There are 2 protein chains.
Amino acid sequence: MAKLTQQPLYKQVVREVLARIEAAEWHGDESLPSETDLGRSLGVSQGTVRKALDVLVADGVLYRRQGVGTFVADTSDFLARSCFTPLTGVGGEVPKFELLGCVRINAGEQLAEVLGLRRGAALWQVRKLLRVAGHIVGLEELLLPESSFPDLDMRRIRELKGNVPELCWRDFGVRLKDGEVRYRAVSAAQAEARLLQMEVGDPLLQIVRLSRDFDGKPQIWSVAWLRTEQDAFEPPQSMRGEQE
Amino acid sequence: MAKLTQQPLYKQVVREVLARIEAAEWHGDESLPSETDLGRSLGVSQGTVRKALDVLVADGVLYRRQGVGTFVADTSDFLARSCFTPLTGVGGEVPKFELLGCVRINAGEQLAEVLGLRRGAALWQVRKLLRVAGHIVGLEELLLPESSFPDLDMRRIRELKGNVPELCWRDFGVRLKDGEVRYRAVSAAQAEARLLQMEVGDPLLQIVRLSRDFDGKPQIWSVAWLRTEQDAFEPPQSMRGEQE
DNA sequence: AAGTGGTCTAGACCACCAT
DNA sequence: TGGTGGTCTAGACCACTTT
């Protein structure tokens with residue numbers, strides 16, 4: 001492996017593996033070469049490959065099965081829970097989305113700043129309704145720079161059933177990572193109350209998220225309003241190893 | 001290092017280091033021996049020590065300074081933000097606590113179950129008010145099993161200015177880890193509204209937390225109610241390495 | 001039995017920081 | 001200059017899963 005850059009070797013391996021996944025060298029849920037083989041083909045040791053794969057496993061890009069192999073995580077799993085499917089019902093029901101619209105707007109000052117764009121830059125605004133077991137539980141609004149996601153439209157979103165990370169990945173080659181999240185309790189305004197079928201003033205959990213790609217560039221700003229009378233929001237488990 | 005157990009060596013080292021911290025072998029913010037020396041004294045290699053310390057750094061027990069050494073994190077930092085000091089103002093103001101009371105109650109069925117106790121077991125109920133820059137922003141209620149925390153009283157809590165992790169550590173030898181967290185938006189009831197100086201029905205962010213010790217045993221159940229009109233709740237950063 | 005992830009070692013070199 | 005964390009290797013062995 002080239003030693004041109006001054007990045008640690010294992011980080012170079014991380015990027016190389018990401019690139020090969022991106023080039024569809026190994027499909028979703030298909031096995032990678034063994035750590036030893038991969039190391040040999042890259043000219044690094046097994047330990048270095050392992051350290052690189054550790055990073056990608058921690059980020060949910062890969063998963064391992066002891067004695068079997070290392071696999072590319074299906075993108076529909078990747079970040080699905082932590083990034084755009086935040087609601088976990090008590091029974092663990094899977095949320096479903098209903099696409100409300102996709103329009104082109106211009107970035108205000110604040111929004112331009114957090115997304116690293118100039119003021120007035122073109123943005124896509126996507127709105128979805130979240131249902132769990134048929135009941136409306138939330139509303140989600142996404143803002144994506146047009147520069148990263150040219151020619152976005154409802155048809156393309158609909159084809160993927162509102163799975164935005166999958167869309168970003170398949171159509172635009174943007175692999176999303178976790179970003180910053182903020183929580184807030186707010187009162188439902190008229191607009192939210194109507195869409196969520198609740199009274200004006202009822203409490204809503206507001207989740208604001210900034211998602212970045214693997215280069216650290218902000219790519220998606222999202223705001224969700226969730227009804228939590230019945231289901232609490234359970235953030236994704238941290239990915240540390242077990243102690244026992 | 002003994003090979004008696006079938007635990008991986010590095011996990012044994014984790015426990016050994018934790019035990020030595022517990023025995024106050026190295027005080028807060030004092031340097032540990034170098035990875036090489038520690039390895040020699042334990043009869044393991046530097047790489048194994050490193051892997052063990054990685055775990056403890058990820059859990060916030062230790063921190064490293066390149067070229068300088070590895071240090072025991074001051075307990076007042078450890079989990080302070082992620083576990084009991086959840087509120088981060090926009091300006092990053094440090095929250096202050098006002099102890100409201102500490103009483104002995106008996107566990108109801110649900111509470112007994114989550115804490116792994118028998119029904120009716122004795123619990124301490126501690127209530128605190130949170131202020132940021134003088135303004136009341138939250139209310140926190142902690143429930144701790146008396147079996148783990150004998151002879152808890154307000155004086156002891158007060159001495160540590162409401163820093164419960166520090167108290168658990170210094171007085172009871174219970175080192176806390178992160179546990180599960182759930183978020184919910186609720187309307188302020190009369191009791192909360194009075195204490196938090198807001199109107200009944202105003203939205204509150206409710207954060208429910210179960211903290212465990214390093215053996216995985218549930219130790220503290222906590223519920224916080226936060227006003228988020230001005231300050232959003234910002235959860236602790238995940239502890240993964242940077243990509244760049 | 002063969003192949004994989006998971007762990008461990010002994011030794012090496014580098015980057016960083018204190019002195 | 002010397003000590004520390006940070007990285008890397010070549011080779012080894014174990015635990016696990018599949019065949």
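The values are calculated or read from the model by the stated rules, or taken from the named source; none is laboratory data. None of these values were measured; they are calculated from a predicted model. Note that we place each Cβ from the backbone using ideal geometry, even for glycine, and neighbour counts take in every protein chain shown. With ligands, DNA and RNA removed, areas are computed over all heavy atoms of the protein, side chains included. Shrake-Rupley method; radii C 1.70, N 1.55, O 1.52, S 1.80 Å.
Which one of A:90, A:103 is modelled with pLDDT under 75 and not charged (D, E, K, R)?
Unique residue meeting the criteria: A:90.
Answer yes if at least one residue in the stretch B:58-76 is modelled with pLDDT under 70 and either open to solvent by 60 Å² or more (accessible area, probe 1.4 Å) or not charged (D, E, K, R) (or both), and no otherwise.
Checked against the condition, which is being modelled with pLDDT under 70 and either open to solvent by 60 Å² or more (accessible area, probe 1.4 Å) or not charged (D, E, K, R) (or both), the stretch B:58-76 yields at least one hit.
Does at least one position in the stretch B:18-37 carry a residue that is closer than 20 Å to residue B:216 by Cβ, near DNA strand C (Cβ under 9 Å from one of its atoms), under 21 Å from the mean Cα position of the chain (by Cα) and within 14 Å of another protein chain (Cβ to nearest Cβ)?
Among the residues of the stretch B:18-37, not one is closer than 20 Å to residue B:216 by Cβ, near DNA strand C (Cβ under 9 Å from one of its atoms), under 21 Å from the mean Cα position of the chain (by Cα) and within 14 Å of another protein chain (Cβ to nearest Cβ), which makes the answer no.
Considering only residues that are under 18 Å from residue A:24 (Cα atoms), out of contact with any Phe, Trp or Tyr (no Cβ under 9 Å at 6 or more places or on another chain) and among the hydrophobic types (A, V, I, L, M, F, W, C), which ones fall in the stretch A:54-74?
A:56
Would a scan of the stretch A:203-222 turn up a residue that is over 29 Å from residue B:206 (Cβ atoms), within 11 Å of chain B (Cβ to nearest Cβ), in a loop (DSSP other than H, G, I, E, B) and at pLDDT 70 or above?
yes
Could you grab me the full set of residues in the stretch A:57-71 that are out of contact with any helix residue (DSSP H, G or I) (no Cβ under 8 Å at 6 or more places or on another chain) and either within 9 Å of DNA strand C (Cβ to nearest atom) or aliphatic (A, V, I, L, M) (or both)?
A:57, A:58, A:65, A:66, A:67, A:68, A:69, A:71
Would you check which residues across the stretch B:102-123 are surrounded by 16 or more Cβ atoms within 10 Å (Cβ to Cβ) and within 11 Å of residue B:221 (Cβ to Cβ) and list them?
B:107, B:111, B:112, B:115, B:117, B:123, listed by residue number.
For the list (1) among the aliphatic types (A, V, I, L, M); (2) touching a strand residue (DSSP E or B) at 6+ places or on another chain (Cβ under 7 Å); (3) at pLDDT 75 or above, I need the number of the one condition that residue A:164 fails.
(3)
Filter the stretch A:15-34 down to residues that are within 25 Å of residue B:54 (Cβ to Cβ), assigned to a helix (DSSP H, G or I) and open to solvent by 30 Å² or more (accessible area, probe 1.4 Å), then give me how many there are.
2
Condition first: at pLDDT below 90 and among the hydrophobic types (A, V, I, L, M, F, W, C). Can you find one or more residues in the stretch B:180-190 that meet it?
For the stretch B:180-190, residues at pLDDT below 90 and among the hydrophobic types (A, V, I, L, M, F, W, C): present.
Residues in the stretch A:47-65 that are more than 13 Å from chain B (Cβ to nearest Cβ) and within 13 Å of DNA strand D (Cβ to nearest atom): how many?
4
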